[in-house]
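The structure appears right after this line, and notes come after that.
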Amino acid sequence: MDEHLETLTDVPTINLSLLHQDPHSRFMVIKKIREACHTYGLFNVINHGIHDSVIEDALNVNARFFEMPLAEKEELISDDVQKPVRFQHVNRGDYSKDFLKLYAHPLEHFISYWPSFPPDYRATCYR
């Protein structure tokens, strides 16, 4: 674990609603994002304007994706870090992880590369 990050409660929180205020507030948000990325490599976002049901649906469809048998995800496996969609399964004895990388900006350009399974994956994540 990073020496700066003792627990998940130490993760910096970024209030995105401040981006819609005065220039100084916008600058401070951007500065805080930069510092969080540099120091911790991650941050928590609040007041982002995304409804809880949208987040919950996206988490659920992704959980269903990761629960699928590995054989059904093999077409997305690649060592090419430049691919717009890439699934990776790592199993090193007592350590195992899966990840799915999706390019998403601009979304309209990349959505057709996203997984077509579960069948509602794209529609659920593209709302």
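The table below gives the values:
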item: Size of electric dipole in the chain: Cβ of Lys, Arg +1 and of Asp, Glu -1, about Cα centre, debye, nearest 20; result: 400 debye
item: Which label in (1) 1.26; (2) 1.05; (3) 0.95 gives the computed Cα Rg over 2.2 N^0.38 Å; result: (1)
item: Estimated FRET transfer efficiency when R0 is 30 angstrom, pair K83-N15 (beta carbons, to 0.05); result: 0.35
item: Accessible area expressed per residue, the chain, with surrounding protein chains retained (probe 1.4 Å, Å²); result: 71 Å²
item: Sulfur and carbon atoms: percent of accessible area, the chain [1.4 Å]; result: 55 percent
item: Residues of type lysines that K97 reaches as a straight line, Cα spacing below 20 Å, ignoring anything fewer than 8 places off in the same chain; result: K73, K83
item: With at most 13 other Cβ atoms within 10 Å, longest stretch of the chain clear of loop GluC sites (Glu not before Pro) (DSSP); result: 7-127
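The values are calculated or read from the model by the stated rules, or taken from the named source; none is laboratory data. The structure displayed is predicted, hence computed values, not measured ones. Backbone-built Cβ (ideal geometry, glycine too); neighbour counts: all protein chains shown. Surface accessibility is based on the protein's heavy atoms, side chains included, excluding ligands, DNA and RNA. Shrake-Rupley method; radii C 1.70, N 1.55, O 1.52, S 1.80 Å.
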